[in-house]
Amino acid sequence: AASGKQGNVLPHWGNEKTMNLNPMILTNILSSPYFKVQLYELKTYHEVVDEIYFKVTHVEPWEKGSRKTAGQTGMCGGVRGVGTGGIVSTAFCLLYKLFTLKLTRKQVMGLITHTDSPYIRALGFMYIRYTQPPTDLWDWFESFLDDEEDLDVKAGGGCVMTIGEMLRSFLTKLEWFSTLFPRIPVPVQKTIDQQIKSRPRKIKKDGKEGMEEIDRHVERRRSRSPRRSISPRRSPRRSRSRSHHREGHGSSSFDRELERERERQRLEREAKEREKERRRSRSSDRALDWRRSRSRDRYRSRSRSRERKGDRRDRDREREKENERSRKKERDYDKERGCEREKDRSRERSKERKSKGDMEDRRHKDDKDDKKHRDDKRDSKKERKHSRSRSRERKHRSRSRSKNTSKRSRSRSKEKSSKHKNESKE
């Protein structure tokens, strides 16, 4: 299929992963259980359209009361798309689900020309505003700028506008309930503003056309509030030829519709009161059940405590018996050990006695040896002294002998010398 304005494949402008959504809204969509669990099961285009028909009641990105912006200053509280998060709406979850299906041109045309619910058309136009190039927006929205089908775009109600007014705000304003659309280039925005100014709005006339507009408004309200209590999800085979301008319904008066609306509100109030009474009765029954269960638990806990006490007593008795047995065993063991110790002590005493006798014998022997040694020393000393005295006497004698011999020799030599002198004299 050829892409472009003539082909069935739609061109994509901007980020192909985020669909040009605000990052905070995208993170809340991806983390919401509605998108992860319930929308994950929807695989076809018709199933998603049925889900939009039954679940979408406004086109605001956040649910009512979930996003608290009171008391915030600076870049908070919805200033240019920046702010605190909340519970993301089912409309934006389904819008991103449509983006994941990669819709064709034919499917987008089916969304914006759908006749069952204006919210299906609103999501189709929002899909175009987020994903299509800014130069193609005028071609998409031009033929729907005078569409007078009403829808309430605010969470909780209070902001009713027509499809044409919503498309004009898409083209001229950048913000949508504290979020930002993709920015349109300045020259393209100037051309769009000129074309909107040159295109006059249609004014309602009095008389028959005014009555026809009231009847159409009644029919649109009837088509916008289907019976949701019959089935949570309609089958994809349902007839898609439902129109808000069917024949035969134009004669229904506005008073009849008001009475029906009042009756419906009264029934809703009665249903709410019944639900409150059921909740109160359930809460009282739960309180009684809780008290009964608590008393049962107390009785059970008491019986259990008694059983535990009896078990503890039996255990204590068994422990005492075991302790007595262990004590008897220890006493017998101590007695046996005492006998063995006495035997060992007697053996040690006999050994000590033997060792003492041996030590005494050794001592006597040592004393005798010492005495002998001392006596030998004394004898040797005496002998040495005696030998010394003998040697001294011998030396004295030898000295005296030598002296006598020397005297004799001297006397002899003197005699000889005298003789010789005498002879010489003679």
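The values are calculated or read from the model by the stated rules, or taken from the named source; none is laboratory data. What you are looking at is a predicted structure, and each value in this text was computed from that prediction instead of being measured. All Cβ positions, glycine included, derive from the backbone under ideal geometry; neighbour counts span all protein chains shown. These accessible areas exclude ligands, DNA and RNA; they are computed on the full protein's heavy atoms, side chains included. Shrake-Rupley method; radii C 1.70, N 1.55, O 1.52, S 1.80 Å.
Annotation note: trypsin sites (Lys or Arg not before Pro) in segment 148-195 located in DSSP loop regions with a Cβ neighbour count of at most 16 within 10 Å are K154, K173, R183.
The accessible area of K368, taken with all protein chains in place and a 1.4 Å probe, comes to roughly 130 Å².
Between the alpha-carbon centres of segment 126-202 and segment 1-65 there is a gap of 19 Å. Each residue was assigned an accessible area with a 1.4 Å probe, and for V188 the value is about 30 Å². Modelled spin-label separation between C339 and E277, with each label point placed 7 Å from Cα along the Cα-to-Cβ direction: 9.5 nm. With the simple model of a label 7 Å out from the Cα in the direction of the Cβ, R183 to D361 spans 12.4 nm. Hull volume per residue, based on the alpha-carbon atoms of segment 266-393 and their convex hull, is 225 Å³.
Alpha carbon centre of segment 92-117 versus segment 351-426: separation in Å? Result: 152 Å between the Cα centres. Computed from the C-beta positions of T172 and R292 and an R0 of 56 Å, the FRET efficiency is 0.25 to the nearest 0.05. What the Cβ-Cβ distance of T135 and R269 gives, at R0 = 41 Å and to the nearest 0.05, is a FRET efficiency of 0.20. Net charge dipole, segment 330-426: roughly 2260 debye, given to the nearest 20, about the Cα centre with Cβ charges of +1 for Lys and Arg and -1 for Asp and Glu. Counted residue by residue at 0.36 nm each, then reduced by the alpha carbon distance between them, the extension gain from C159 to S387 reaches 66.4 nm. A straight Cα-to-Cα reach below 20 Å connects K419 with the lysines K407, residues fewer than 8 places away in its own chain not being considered. Solvent exposure of I87, expressed as accessible area, is near 110 Å², computed with a probe of 1.4 Å over the protein chains only. Extension gain, D375-D316: 0.36 nm per intervening residue step, less the Cα-Cα distance, totals 12.8 nm. Cross-link partners for K381 among the lysines, with Cα-Cα distance under 17 Å and sequence neighbours closer than 8 places in the same chain left out: K371, K372. Cα convex hull, segment 354-426: 37 Å³ per residue, rounded to a whole number. Fully extending the segment from R308 to R408, taken as 0.36 nm per residue of separation minus the present Cα-Cα distance, adds 22.0 nm. Straight-line cross-link partners of K335 among the lysines, defined as a Cα under 16 Å from its Cα and at least 8 positions apart when in the same chain: K343.
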